[in-house]
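Chemist: A single structure is presented below for examination.
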Amino acid sequence: MSDRDAVPAAAGSMPGWHRWLWLSLVVVVLDFATKQMVLASFRPGEVLPVLPVFSFVLAFNPGAAFSFLAGASGWQRWVFTGIAIVASVVIVWLLRRGGSRLYCAGLALILGGALGNLWDRITIGQVVDFLLFHWREWSYPAFNVADSAITVGAALLIIDSFRARRPAPKES
């Protein structure tokens, strides 16, 4: 058995994979709460400088990462909604299969981020972004807590992919 096969549950706790859903839920709740605070406090396009390189801004993204397909006629909302639903189902399936803590944490963060942005797409038709890093005339595209969780989760999966694995036992 490889260390990716299962993460044993602690004695008396729920099955191991379920605990990762709590991490996903934390991401969804933080994402929702921060977006609601920004929606209640800012007008679209309004910027609040916090540091010379960081500001809060209320921006809407009908596209995907880096505003991919943001200028499309509206069909992209449903395509990205479908992709998020399929990805979420696959991620839950992968979590049920188990794996290292790093692997499962990465999947859980990606799931939480996907669900956070999915909620925006379903309810308002676009994703709320509000974190903006910039330097002089340059700025990185605005993003949110869900996007951050997806990025950190992807980084954890990449790191996990480089970990040494024990060879599977030989079948005889």
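Chemist: Restricting to segment 125-149, count the residues that are on the phi < 0 side of the Ramachandran plot, free of Cβ contacts under 8 Å to residues at least 24 places away in the same chain and surrounded by fewer than 20 Cβ atoms within 10 Å (Cβ to Cβ).
Modeler: Going through segment 125-149, the residues on the phi < 0 side of the Ramachandran plot turn out to be 126-135, 137-149.
Retained after the next criterion (residues that are free of Cβ contacts under 8 Å to residues at least 24 places away in the same chain): 137-140, 143.
Right, trim to surrounded by fewer than 20 Cβ atoms within 10 Å (Cβ to Cβ) and you get 137-140.
Within segment 125-149, residues that are on the phi < 0 side of the Ramachandran plot, free of Cβ contacts under 8 Å to residues at least 24 places away in the same chain and surrounded by fewer than 20 Cβ atoms within 10 Å (Cβ to Cβ) number 4.
Chemist: Might you let me know whether segment 161-169 holds any residue that is over 13 Å from the mean Cα position of the chain (by Cα) and surrounded by 13 or more Cβ atoms within 10 Å (Cβ to Cβ)?
Modeler: Scanning segment 161-169, I find no residue that is over 13 Å from the mean Cα position of the chain (by Cα) and surrounded by 13 or more Cβ atoms within 10 Å (Cβ to Cβ), so the answer is no.
Chemist: Sticking with this structure for a sec: All but one of (1) in a helix (DSSP H, G or I); (2) buried (at least 20 other Cβ atoms within 10 Å of the Cβ); (3) not β-branched (Val, Ile, Thr) hold for Ala105, so report the exception by its number.
Modeler: (2)
Chemist: Would you confirm whether or not segment 60-81 contains a residue that is at pLDDT 85 or above, surrounded by 16 or more Cβ atoms within 10 Å (Cβ to Cβ), in a helix (DSSP H, G or I) and not acidic (Asp, Glu)?
Modeler: no
Chemist: Counting only residues that are modelled with pLDDT of 95 or more and among the β-branched types (Val, Ile, Thr), which one in segment 17-48 is surrounded by the most Cβ atoms within 10 Å (Cβ to Cβ)?
Modeler: Val27
The values are calculated or read from the model by the stated rules, or taken from the named source; none is laboratory data. Source: prediction; values computed, not measured. In this analysis, Cβ positions are derived from the backbone assuming ideal geometry, glycine residues included, and neighbour counts consider all displayed protein chains.
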